[in-house]
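Okay, structure first, notes after.
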Amino acid sequence: MKWLDDLQLWLIPIIIYLLNIVSNRWTRLKVYGQENIHQVREGTPVLFAFWHGKLWIPAYYFKGRGYLVLSSLSRDGEYMTRVLKRYGYRVVRGSSSRGGGRALLKLVKLLKKGAATFITPDGPTGPIYKVKPGIVYLQEKCNGVIIPIGVAIDRKKTFNSWDRLVFPLPGTRAVLVFGEPLRLPQSKTIEERCWLLEEEINRVQAQAENYLTNS
């Protein structure tokens with residue numbers, strides 16, 4: 001029924017939005033590597049990259065900055081779009097299977113003006129922890145830098161979704177780590193650059209886990 005469909009489209013994003021606010025406020029977050037952001041020359045496009053399942057904390061952390069986000073044209077993408085717009089993100093719709101080419105071109109144009117975006121390079125449907133070529137294309141075309149991000153949470157609920165989404169439990173500790181700015185060498189093939197970025201995100205993710213264990 002259409003009224004039920006419309007109700008879900010209105011209600012579910014509000015629930016996710018409120019839950020994201022509350023859960024992030026109860027999380028004791030430590031941030032490392034912010035000096036790596038300051039290394040980037042002013043006006044240079046920045047692409048923050050982290051795995052899809054780690055989205056919960058960065059979505060809140062980056063709020064209110066007008067960052068760009070690529071969101072799929074799926075039903076889940078619609079929910080996410082409505083949540084992110086409440087946080088002040090500028091959302092470009094498209095995915096690797098639907099509207100992806102146009103969406104990437106639009107992102108390139110906006111990034112060339114010095115904007116920043118965050119990308120989950122294994123999204124929107126996986127495979128998990130595998131970099132897809134979209135972010136490599138973006139970095140090359142806008143001549144920007146990629147900053148890999150790692151997110152580690154002590155006490156958490158891990159959902160049985162393709163991305164193994166993690167949700168912080170009340171009062172838990174969490175760590176967010178910014179890696180060093182990365183320019184993927186154009187002398188390498190697309191596949192090689194995907195592999196290099198994959199390695200770097202995993203390295204920063206391991207660093208976040210290490211900080212959490214030893215803090």
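Select, from LEU107, LEU11, LEU7, LEU73, the only residue that is part of a loop (DSSP other than H, G, I, E, B), free of Cβ contacts under 8 Å to residues at least 60 places away in the same chain, of a type in the set (A, V, I, L, M, F, W, C) and farther than 20 Å from VAL166 by Cβ.
LEU73
When region 157-210 is examined, which residues are found to be in a loop (DSSP other than H, G, I, E, B), of a type in the set (S, T, N, Q) and under 25 Å from ARG41 (Cβ atoms)?
GLN186, SER187
May I ask you to list the residues in region 46-68 that are closer than 20 Å to GLU198 by Cα and not in a helix (DSSP H, G or I)?
Correct list: VAL46, LEU47, PHE48, ALA49, PHE50, TRP51, LEU55.
Regarding region 148-161, can at least one residue be identified that is modelled with pLDDT under 95 and either small (Gly, Ala, Ser) or within 30 Å of LYS109 (Cα to Cα) (or both)?
Yes: region 148-161 contains one or more residues that are modelled with pLDDT under 95 and either small (Gly, Ala, Ser) or within 30 Å of LYS109 (Cα to Cα) (or both).
Applying the selection to region 105-135, what residues are in contact with an Asp or Glu (Cβ under 9 Å, 6 or more places away or on another chain), within 19 Å of CYS194 (Cα to Cα) and of a type outside the set (Ser, Thr, Tyr)?
Residues satisfying the conditions are PRO121, ASP122, GLY123, PRO124, GLY126, ILE128, LYS130, VAL131, LYS132, PRO133.
Only one of these conditions is not met by PRO127: (1) farther than 30 Å from ASP6 by Cβ; (2) within 14 Å of the chain's Cα centre (by Cα); (3) not in a helix (DSSP H, G or I). Which number is it?
If we test PRO127 against (1) farther than 30 Å from ASP6 by Cβ; (2) within 14 Å of the chain's Cα centre (by Cα); (3) not in a helix (DSSP H, G or I), just (2) comes out false.
The values are calculated or read from the model by the stated rules, or taken from the named source; none is laboratory data. Since we're looking at a predicted model, the values are computed, not measured. Neighbour counts run over all protein chains shown; Cβ positions are idealised from the backbone, glycine included.
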